[in-house]
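K.L.:
This is the structure I have questions about; it appears just below.
The values are calculated or read from the model by the stated rules, or taken from the named source; none is laboratory data. Since the model is a prediction, treat every value here as computed from it, not as a measurement. Note: ideal-geometry Cβ built from the backbone for every residue, glycine included; neighbour counts use all protein chains shown. Keep in mind that these areas ignore ligands, DNA and RNA; they rest on the heavy atoms of the full protein, side chains included. Shrake-Rupley method; radii C 1.70, N 1.55, O 1.52, S 1.80 Å.
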Amino acid sequence: MAEELETAQIPPHIMAAMRERMKMAQRMSRIKHKIVVMSGKGGVGKSSVAANLAVVLAEDGSAGIVDADVTGPDIPMLMGVQDAQVKATETGMEPTIGPAGVKVISMAQLIDRDTAVVWRGPLKIKALKQMLSDVEWGDLDYLVIDLPPGTSDEPLSVAQEIPDADGAVVVTTPQLVSLLDVRKSIAFAKAVKMDILGVIENMSGFVCPHCGKETDIFKVGGGEAAAKELGLPFLGRIPLDPRIVVGGDAGKPFVLEHPDSEAAKAFRAIVKNLKPHLKEARPRPTGPLAK
Ligand SMILES: Nc1ncnc2c1ncn2[C@@H]1O[C@H](COP(=O)(O)OP(=O)(O)O)[C@@H](O)[C@H]1O
Ligand SMILES: [Mg+2]
């Protein structure tokens, strides 16, 4: 019987797929927490939230960020590493290092930025798999994954490739439509068997930088109400602050540039609220398979 097994021919493509899976599992087992940042639609501040969460998480641990939004990869700009070289190693590639020591990888760093690339679905999936399994993440406490926006097939198939994520953080805005957004996100998370760790309401109220007075430009509370109605944890709200846009353009995440602002305090509070919802980390593997 044993002999039969030994001589059984495993087709090369199956062997290759198995090897790839092993590699992914090994790399991912060295990362304690994987947090997916998603939104029902684009433009709600998903990437800004992902970048700022990563730098706050890096304050009491090691953190990395994967820009899985291969068609609109904004993370390198937000983290100021758009010109950094990704170096090849014998077993993969080194991530670039952003502010607060956050390890960053994005498709924008791996392709020629001036070439207009039309990515087909399967190619995007392959790219994401590489960003997870070919990057030398090492031992990390947190990996934040900025998903493509929306709840269509593309983010869905991307999310399916992320093994044992703690869950998703849903970013929405304060308008009433956020209920619809969050509903869609719940259906999405169910489809990929991912927990929702909580809801963040971004662009929630505007604190005037001149007089400190708060104005509710997009109303306030839609995200919080949606979370409540749908039985999800509400992680907090981030006010509108024009300096978030500037910070994004300057390549330094907002929380580091304006640590005393209301929005920075909000990001910190959100991380504090998020942590109890993370899964208990499994012990890291030791022995020959650990590397
Ligand atoms: N709280 C905020 N206050 C002000 N501008 C914000 C805030 N959050 C995000 N932005 C800005 O809104 C735009 C969209 O944000 P972005 O993070 O790119 O969203 P997404 O990734 O969801 O498309 C960016 O110009 C960003 O700087
Ligand atoms: Mg984005």
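K.L.:
Please note which helices (runs of 4 or more DSSP H) are completely contained in the range 1-80 and include at least 2 residues that are touching a strand residue (DSSP E or B) at 6+ places or on another chain (Cβ under 7 Å).
P.N.:
46-57, 75-78
K.L.:
Does the range 150-166 contain at least one residue that is open to solvent by 10 Å² or more (accessible area, probe 1.4 Å) and in contact with an Asp or Glu (Cβ under 8 Å, 6 or more places away or on another chain)?
P.N.:
no
K.L.:
Determine the pairs where a residue that is touching a residue at least 60 places away in the same chain (Cβ under 8 Å), located within the range 216-244, has a partner that is open to solvent by 60 Å² or more (accessible area, probe 1.4 Å) and away from ligand 1 (no atom under 14 Å from the Cβ) with Cβ atoms under 9 Å apart, the partner being 6 or more residues away or on another chain.
P.N.:
LEU235/ASN273; LEU235/HIS277; ARG237/GLU224
K.L.:
Something else about it: Criterion first (more than 12 Å from ligand 2 (Cβ to nearest atom) and touching a Gly at 6+ places or on another chain (Cβ under 8 Å)) does GLY80 satisfy it?
P.N.:
Spelling it out, GLY80 is indeed more than 12 Å from ligand 2 (Cβ to nearest atom) and touching a Gly at 6+ places or on another chain (Cβ under 8 Å).
K.L.:
Based on this model, can you work out whether GLY61 counts as more than 14 Å from the chain's Cα centre (by Cα), within 16 Å of ligand 1 (Cβ to nearest atom) and within 23 Å of LEU274 (Cβ to Cβ)?
P.N.:
no
K.L.:
For the range 202-254, what are the residues that are open to solvent by 80 Å² or more (accessible area, probe 1.4 Å) and touching a Gly at 6+ places or on another chain (Cβ under 8 Å)?
P.N.:
GLU214, ASP216, ILE217, ARG237, LYS252
K.L.:
Now for a separate question. Of these, ILE75, ILE31, which one is more than 10 Å from ligand 1 (Cβ to nearest atom), touching a residue at least 40 places away in the same chain (Cβ under 8 Å) and not aromatic (Phe, Trp, Tyr)?
P.N.:
From the options ILE75, ILE31, the qualifying one is ILE31.
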